[in-house]
1. Kirkwood Rh, segment B:226-371, all Cα pairs: how many Å?
2. Cut-off under 17 Å on the C-alpha distance; same-chain residues fewer than 8 positions from residue B:296 excluded. Which lysines are left, in chain and number order?
3. Would you please report the Å³ per residue occupied by the convex hull of the alpha carbon atoms in segment A:122-188?
4. Would you list which aspartates and glutamates come within 19 Å of residue A:34, measuring only between C-alpha atoms, while excluding same-chain residues fewer than 8 positions from it?
5. Return the FRET efficiency for the residue pair residue B:39, residue B:141: r is the Cβ-Cβ distance, R0 is 22 Å, and the value is rounded to the nearest 0.05.
6. Calculate, for residue B:98 and residue B:278, the FRET efficiency according to 1/(1 + (r/R0)^6) with r their C-beta to C-beta distance and R0 56 Å; round to the nearest 0.05.
7. Across all directions of projection, what mean area in square nanometres is found for the Cα convex hull of segment B:213-283?
8. With the label 7 angstrom out along Cα to Cβ, how close does residue B:6 come to the same site in each of the other copies, in nm, nearest first?
Protein chains: 2
Amino acid sequence: MIDHEHFIRQTLKLARKGIGKTATNPLVGAILVKVENGEGRIIAKGYHTGYGKPHAEVEVIRRAKRMGVTDFSNAILYVNLEPCCHHGKTPPCTDLIIQEKIPHVVFGTPDPFKAVSGKGAAQLTAAGIKVEYGFLENVCIEVNKIFFKHIRTQLPWVTLKFAQSLDGKIATASGDSKWISCESSRRYVHQLRTEYDAVLVGAQTVIKDNPQLNVRLTKGRDPKRIIVDGRLRIPLTANVISDKKASNTIILTAKNSNRKKIDQLRKKGVHVYEFPANKFKIDLKAALKKILKEEKIASIFAEGGSLMHGELLKSKLADDVIVFIAPKIIGSGIPSVTGELTKTIGKAVKLKLSSVKPIDADIVIQARIVP
Amino acid sequence: MIDHEHFIRQTLKLARKGIGKTATNPLVGAILVKVENGEGRIIAKGYHTGYGKPHAEVEVIRRAKRMGVTDFSNAILYVNLEPCCHHGKTPPCTDLIIQEKIPHVVFGTPDPFKAVSGKGAAQLTAAGIKVEYGFLENVCIEVNKIFFKHIRTQLPWVTLKFAQSLDGKIATASGDSKWISCESSRRYVHQLRTEYDAVLVGAQTVIKDNPQLNVRLTKGRDPKRIIVDGRLRIPLTANVISDKKASNTIILTAKNSNRKKIDQLRKKGVHVYEFPANKFKIDLKAALKKILKEEKIASIFAEGGSLMHGELLKSKLADDVIVFIAPKIIGSGIPSVTGELTKTIGKAVKLKLSSVKPIDADIVIQARIVP
């Protein structure tokens with residue numbers, strides 16, 4: 001008996017190599033396994049390396065061929081997600097699988113897109129290919145939580161990040177915030193920036209801290225930078241506008257903002273989007289939908305400030321939180337989240353803890369927001 | 001070779017049985033071990049069961065005798081703390097050890113009281129007894145941290161406790177706080193109440209929440225209840241004053257408080273102490289010294305509110321913190337600690353984490369305040 005779950009687990013490992021590169025495509029890994037005497041031996045591995053690049057199924061077949069394999073008659077193709085059957089940036093993977101006469105396909109979970117879900121499997125079955133699926137399905141969905149979210153809701157995945165003292169403050173009353181968390185925590189934050197399509201902060205954070213919002217403490221690509229700035233208060237001298245990567249910066253502002261400033265920002269390469277607003281509070285849901293579509297931002301790492309976190313929670317746009325807790329007590333200061341979210345404890349935002357880990361002197365807590 | 005550390009570890013286990021009962025005495029365990037062919041066999045165990053009761057050394061010798069042991073000529077007496085050599089509530093243990101002709105005494109750590117430290121050992125040595133010490137010394141000091149603190153500083157050990165949301169709030173903006181933490185956390189808090197000599201809260205907490213501050217969710221003795229109430233605002237109808245255990249309640253107020261109200265409180269059995277105050281903020285250090293001396297309160301479990309925690313931290317009277325973090329986000333609300341403790345992050349109160357553990361849905365973090 002071949003252990004399908006074992007090989008699906010391997011495809012997930014491969015899939016994760018694409019983290020931060022494939023949006024708005026999913027993370028997909030594929031493995032070709034040769035079956036001899038009831039035992040499976042991996043002959044090739046592949047994964048989706050980036051948006052617009054070949055799918056994992058194409059990659060793994062190409063690699064097998066490069067190694068001289070031409071006969072797939074006793075092979076199984078493993079893939080964490082149902083093979084596609086539609087023409088997108090690349091031709092359908094189902095066609096290729098049929099063409100290469102692979103007799104057996106095992107995948108983890110069906111495509112989340114209702115109109116497509118099951119159709120890839122059906123096409124393969126119709127071509128006489130043995131198809132099995134539903135292995136480690138929850139893990140497969142978890143690895144592609146960003147993809148599942150935006151396919152189902154047309155909204156990006158949003159993670160709130162804050163670094164606070166044990167008593168929940170992100171700065172002293174006078175505004176000092178450097179540094180609450182330890183260097184290892186800050187390095188990990190930069191690592192996370194490489195994994196998300198964009199970081200997001202409120203204008204106040206830019207005005208106060210003038211952050212660069214790029215990746216310096218580790219290797220990896222810079223994320224795009226989203227500034228929510230209803231009143232367009234951001235100074236043209238801010239790092240995110242005046243540095244070399246201004247074209248990485250996206251400003252979300254209220255409709256009918258200062259036209260001249262918008263032009264100045266655009267001249268610097270900044271992408272400015274305008275949205276309906278209520279007292280300069282822009283419609284965040286519309287904004288995130290728009291930048292998912294226009295900027296291919298399927299995952300957002302929201303780094304504050306406390307009002308911004310409050311707004312994202314109030315709008316029910318946040319999916320999870322990652323909190324760095326430093327072994328310090330600040331007392332009166334700026335709390336990590338502000339904004340009236342609830343009048344009673346019973347109606348507070350509920351979380352489900354995913355992990356609690358030490359990171360040098362700090363503790364890092366990850367939790368999913370319970371919808 | 002006999003493993004002294006092994007037996008000292010056993011004495012600590014015994015010592016801990018006295019938690020919550022021995023103040024202002026230390027926690028002490030003792031073991032008598034018979035040595036035969038180089039191997040040690042425990043013949044009796046004893047511990048200090050409560051203030052005014054026999055010392056652990058007396059207990060263990062009595063028990064050995066009760067089991068028919070009369071000859072201690074090849075015995076070792078193990079005890080976590082240096083045997084006393086002075087007349088207190090009970091006669092000196094060194095006299096008894098000499099009288100019983102125990103030839104060998106091993107203890108963990110010398111007495112912290114400078115005037116006594118080493119004198120017990122010296123008396124035993126002078127009587128021809130072999131004395132060894134300095135085994136698991138740090139653990140011995142840790143187990144008796146309360147005793148070491150008050151002997152060295154004439155101040156009780158103070159633990160700050162708060163139950164907060166992940167974003168550091170102990171209540172919503174409208175004041176709702178029931179319940180932030182889960183039932184298991186609350187039961188653990190009641191367990192801790194049995195272990196401390198007293199719980200302490202500010203008057204505001206009594207006025208707002210009218211807590212009972214006793215032990216209901218688990219078995220064990222009620223702690224004394226200290227209310228810090230500079231202006232003597234506490235209503236006579238408060239649970240802590242009108243319930244059957246009013247004599248368990250201690251009120252710390254400002255000098256020259258409402259004389260009539262003090263009399264009313266005293267008539268109900270409440271212990272009222274007056275202290276110098278600055279704008280009704282009483283001198284907390286003087287107050288804690290006083291109640292250590294008068295009420296034998298060597299350990300205090302401070303349960304809030306946020307201003308009270310701030311005051312204790314500002315006065316450098318807090319020794320450690322235990323924080324229950326619930327998987328919730330409250331946003332705007334009442335923070336766990338208020339009061340200006342620092343203008344800069346660099347000068348925030350520093351902590352050293354002792355433990356981070358899950359407790360049902362919550363996380364409980366214990367940390368020592370770095371002086």
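1. 17.3 Å
2. B:21, B:53, B:89, B:145, B:149, B:224, B:285
3. Roughly 169 Å³ of hull volume per residue.
4. Correct list for residue A:34: A:3, A:5, A:57, A:59, A:71, A:100, A:132.
5. Calculated transfer efficiency: 0.15.
6. 0.60
7. Its average projected convex-hull area is 4.9 nm².
8. 4.4
Rule-based calculations on the coordinates, nothing more; no lab input. Source: prediction; values computed, not measured. Every residue, glycine among them, receives a Cβ derived from its backbone with ideal geometry; neighbour counts consider all protein chains shown.
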